[in-house]
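Before any comments, here is the structure.
Just so it is clear, none of the values below were taken in a lab; they were calculated from the coordinates. Keep in mind the model is a prediction, meaning the values are calculated, not measured. Cβ: placed from backbone, ideal geometry, glycine included. Neighbour counts: every protein chain shown.
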Amino acid sequence: MTDGTTSSADGIIDELIGTYRELNLRVRPLSESVLAADRDGTSLRTIVQGMRDRELLFAQSLKERTTAFAPATEVTQPPVTGLETDEDSTAMLISQFGTARGTTLSTLKALPAEAWSASGNDGRTLDAAVRELISQDRDAVNQIVSLLTP
């Protein structure tokens, strides 16, 4: 990797790690009743569940992209790792998010520089797809912060 690519990839990796830290610092300590409470038509738990589902989808599509495996149909539902249920606590959702994010991070760290600029089946570069994920993370964390602010 060139210095510019390395620092850019490092910044992206740091942001992906930062999201998981934010969830652990801001959300994990709260009681399940606070997390499940309706706030302006949503709950903190619902936001975290959406983040977990997006990350599961992203990790799966990243694996497929980097192993040149293309599914027969477009993946729109998060893959089931065998652990997810509707009754999972928010702490469990955060843990599941962290596991999927760990998969994403280890895959991204192992990629050569040229993989970041390669286009996938959707026509987007990996760099663009990761930046979109980071943007979605930021939006979700901002929504969490907004709901926690009195």
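Listed values, structure above:
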| quantity | calculated |
| --- | --- |
| Net charge over other residues, Cβ less than 14 angstrom from the Cβ of I12 (K, R count +1; D, E count -1) | -2 |
| Length added when fully stretched, I13-A128, from 0.36 nm per residue minus Cα-Cα | 40.0 nm |
| FRET efficiency for A113 and L30, using Cβ-Cβ distance with R0 set to 41 Å, rounded to 0.05 | 0.55 |
| Using a Förster distance of 41 Å, the FRET efficiency for T67-Q136 (Cβ separation, nearest 0.05) | 0.95 |
